[in-house]
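Worksheet: one structure, shown below.
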Amino acid sequence: MAKDKKKNAAAQDAPVRTKKKSALSEFWRMFKKRKISVVGLVVVFILIFCAVFAEFVAPYDYAEQDLRQRFTYPCWEHPLGTDNFGRDLLSRIIFGGRVSLLVALVSICTAVLVGGSFGATAGYFGGLYESIIMRCMDAIMAVPALLYAVAISASLGTGIVSSTIAIAFGFVPTFTRVARAAVLTVREQEYIEAAKAIGASSGRIIVHHIIPNAMAPCIVQATVSLVNSILTISTLSFIGLGVQPPTPEWGSILANGREYIREFWPLATFPGVAIMICLISFNMVGDGVRDALDPRLKQ
Amino acid sequence: MIRYILKRLVLMIPVLVGVIFIIFTINYISPGDPLVDILGIEASAEQRAAKAHELGLDQPYLVQLGNYIWGIFTRLDFGTSYRTNRPVRDEVLERFPTTLLLTSLITCLSVPCGLTFGIVTAVFQNSILDYVVTFIALAGASMPQFWLALMLMLVFALTLGWFPAIGFDTPRHWVLPTIACGMLPISTLTRNVRSSMLEVIRQDYIRTARAKGLGELKIIFKHALRNALIPIITVIGFQVTSAMAGAIVAEQIFSIPGMGALLISSIKSKNYPSIQGNILWMGLMASIINLIVDLAYAYIDPRIKAQFTRRKAKATKKTAEAKAV
């Protein structure tokens, strides 16, 4: 009997699994249609690869100084030139990408988890709990996210951890709203009613039925927000509140470049180009994800 | 309509209290000791206790918070700057007009440009023009404002000498900061207007309008744009508040004596009342912009207005019933 049950369970599991796989392949099929998004995805992968394996990709160490070679213009030895301490700019940009991408990714993941769970529970339970959560989010949303990031890093001090918290905070309400709206539409579906009818607990319904079905808008929002969080971390570092030297970060290299902008233009130019390439590719991926997941655009 | 405005104004109060609470708490949990920053490390224990008492720092958290909120709502008192011993309100108000001017300039540049580019790219979808403008918008939305500011300064101020590099005195000074901060809102708006318009253009009522022989311009502006505007207004409101925040960075680069410059110098000198006051003031401005956005919704979308009047009708009906009983 027990064996039979197991077999049955396995047989039931199998179609579910293929269905999940088909959702992913369906997404990929839609995503592939936009060639430009695929290009963006490739660039994003290259950037992430460079950030993770910076030690092996970068031609020099980011802190290696050569005071005889200060302010070198781009040449074979130093493809993007050197800075005021004779450090190789290309290597610093590659290492800087590590910090920017790490802070951006972790802060967005935190915001998705925190905001998503607030929003999902608010949408599911409703009532007073929902009102309290949503009014709190209104208060957070009333101030632009950059200002919160500035206020929190001014208070907690500089560094990777406090910058991550500072950036995540401003993004929480966005995800709360998106998750709540998604849950509100899913909640009315018949399969939720069915799950309730067979006596599933609230926790089980949220985790197994609502979250998988309400995830698409959150994923779209997360890819869009990634761009903003990269912008925010570099802005914070630029005004001296994010990551502190000698750790390279795109924004802090640019802040350094600003001091020498009259004498030496590459230092203020190339880190910005790096940010731009990174953000353009993230934006292209974001557009692709949106088009692939947004049911309104599906024909 | 007046009732709607009043209701929105009343609803703003709890939001503002929430903002004050958050900003106050963020500063409160700061690990630094403000007394050390004010008096220096050598101050005696008595001196410190006296100063703490004078500033109210010896009171419990909730009392401090309550006093702060009460001060703001009754006297518009944002506290006293540690640095200059002047009311934070006065310092902020001195700087505010500059920031307001910059934000207004950015808005005046970005809203018409964004709308025009968005409509044109949507109407001429998949043309060369569409591709070029869409790509520029993509690049513009992917540029940090401070980097664009540096590049504009490098090219147009330091190399070509067309515009002054720093300051904010004459309209010639306004050009570079406005463009630097305007690029992001223009691009974001263009992208949003384009997708919103494309969505609307596919609707049945647009086909109906075409079928009954309306002119193309009338279809675009009267039927498509008006329906596409609702999500766009949200984006505009969001962009204006972000432009205000983004002005912090532009002010630092172009040495503009606005609120952003004050905020950064307050942060560097750990002048907490000034940091709080600055951020709260910007939060207040952002709330007012959000209010205007909400009113614009009601103005543009008769459905939202109708929703409100229907509720009012219901309420009067209810009171009438109650009276009858």
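Structure data summary
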item	result
Rg over Rh, two decimals, chain B (C-alpha only, Kirkwood Rh)	1.07
Separation between Cα centres of the range B:124-184 and the range B:67-86, rounded to whole Å	38 Å
For the range B:69-144, alpha-carbon Rg over 2.2 N^0.38 Å	1.88
Prolate/oblate/rounded label for the range A:124-187 (Cα gyration tensor, a/c 1.5)	prolate
Helical segments meeting 18 Å axial Cα length and Kyte-Doolittle -0.5 threshold in chain B (DSSP H)	B:2-28, B:61-75, B:88-123, B:128-141, B:171-201, B:226-253, B:272-300
Residue-by-residue Karplus 3J(HN,Hα) for the range A:272-278, coefficients 6.51, -1.76, 1.60, Hz, glycine and proline x	x, 4, 4, 4, 5, 4, 4
Tail fraction, Cα-Cα pairs, the protein assembly as shown, threshold 37 Å, whole percent	42 percent
Excluding exposed DSSP-loop trypsin sites (Lys or Arg not before Pro) (at most 12 other C-beta within 10 Å), longest clean stretch of chain A	A:1-261
Where labels lie 7 Å past Cα in the beta-carbon direction, separation of B:Ser265 and A:Lys33 in nm	5.6 nm
Charge dipole (debye, nearest 20) of the range B:52-102; +1 at Cβ of Lys and Arg, -1 at Cβ of Asp and Glu	140 debye
Size descriptor, Kirkwood hydrodynamic radius, that averages inverse alpha-carbon separations across the range B:165-270, Å	16.5 Å
Interchain or long-range residues, amide H under 5 Å from B:Thr80's placed H	B:Val88
Value of relative contact order over chain A, rounded to a whole percent, pairs C-alpha under 8 Å and six or more apart	22 percent
Kirkwood Rh in Å, taken over the range A:97-225 so that all alpha-carbon pairs contribute	15.5 Å
Degrees, to the nearest 10: A:2-33 long Cα axis against longest axis of chain A	50 degrees
Percentage of interatomic Cα-Cα distances in the range B:6-114 larger than 21 Å	55 percent
Reciprocal of mean inverse Cα separation for chain A (Kirkwood radius, Å)	21.7 Å
Euclidean distance of C-alpha centroids, the range B:1-23 and the range A:193-267, integer Å	29 Å
Cα-only radius of gyration and Dmax that characterise the range A:29-161, units Å	21.5, 68
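Any read-out appearing in this document is the output of simple, stated calculations on the displayed coordinates, not a laboratory observation. Being a predicted model, the structure only gives us computed values, none of them experimental. Here the Cβ is made from the backbone with ideal geometry for all residues, glycine too, and neighbour counts use every protein chain on show.
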